[in-house]
Amino acid sequence: QKEVEQDPGPLSVPEGAIVSLNCTYSNSAFQYFMWYRQYSRKGPELLMYTYSSGNKEDGRFTAQVDKSSKYISLFIRDSQPSDSATYLCAYPNSGYALNFGKGTSLLVTP
Amino acid sequence: NAGVTQTPKFQVLKTGQSMTLQCAQDMNHNSMYWYRQDPGMGLRLIYYSASEGTTDKGEVPNGYNVSRLNKREFSLRLESAAPSQTSVYFCASSVNGGTEAFFGQGTRLTVV
């Protein structure tokens, strides 16, 4: 079992919808998590960084960690076609590198 | 402000050929990484360099070698390419291990 599981999608929503992207993790020792966004044929880029408790909000994006259920969520409000991308959750692996979930592909249709 | 630069962007190799993927960062980062990305498999760590002068194996190191040439440059070498190494390769760097990683644009490698 991988330490982080992520539904690959694809997830298709209409413009303006609220999107919920999720990862589950198994290692209670994780201290923080990251969400990366990857556009087609581009490298991943950091979207949000959150510690292993509570919520973090940045504009239309909210990252949430539920330690009791070992669930990481990324919410996108008022989704736009420009949000169409693959979203990857990431966590530090023993402090030397980041490990990534497999990514969820999101399509926002006009 | 280049960030992480990878060369080449595209490459086609024949089975058994060798090649080196180049990566350079201009952010004065200590740590550098090579990942490969395959459909359905996500990003997998091949090798990493926690600091200049050190390199270590990641999740999928077989068939690859790396060199941390200096603080800026980290190269990945395929000694004898195989079709299973067809993938998109990403170089990344971070201030220190396990912190925010910045990625290059990727190298699309096809081995025929």
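Just a few scattered comments:
- Condition met for A:Gln31 (within 11 Å of chain B (Cβ to nearest Cβ) and either of a type in the set (Asp, Glu) or closer than 21 Å to B:Gly104 by Cβ (or both)): no
- Residue selected from segment A:95-106 under the condition part of a strand (DSSP E or B) and of a type in the set (Gly, Ala, Ser), by the criterion most open to solvent (accessible area, probe 1.4 Å): A:Ser105
- Selected residue (only one of A:Val108, A:Val65 is of a type in the set (Val, Ile, Thr) and out of contact with any Phe, Trp or Tyr (no Cβ under 8 Å at 6 or more places or on another chain)): A:Val108
- Residue match in segment B:20-31 (condition: in contact (Cβ under 8 Å) with a residue 40 or more places away in the chain, surrounded by 15 or more Cβ atoms within 10 Å (Cβ to Cβ), facing another protein chain (nearest Cβ under 9 Å) and under 20 Å from A:Arg37 (Cβ atoms)): no
- Test: residue in segment B:62-80 that is closer than 14 Å to A:Leu98 by Cα and modelled with pLDDT under 95: no
- Residue match in segment A:11-20 (condition: without any contact (Cβ under 8 Å) to a residue 12 or more places away in the chain and open to solvent by 50 Å² or more (accessible area, probe 1.4 Å)): no
- Wholly within segment A:43-94, strands (runs of 3 or more DSSP E) carrying at least 3 residues that are surrounded by 17 or more Cβ atoms within 10 Å (Cβ to Cβ) and more than 11 Å from every other protein chain (Cβ to nearest Cβ): A:61-66, A:71-76
The values are calculated or read from the model by the stated rules, or taken from the named source; none is laboratory data. The structure presented is a predicted model; accordingly, all values stated were derived computationally and were not measured. Ideal geometry is used to build each Cβ from the backbone, glycine not excepted, and the neighbour counts take in all protein chains shown. Ligands, DNA and RNA are excluded from the accessible area calculation, which covers all protein heavy atoms including side chains. Shrake-Rupley method; radii C 1.70, N 1.55, O 1.52, S 1.80 Å.
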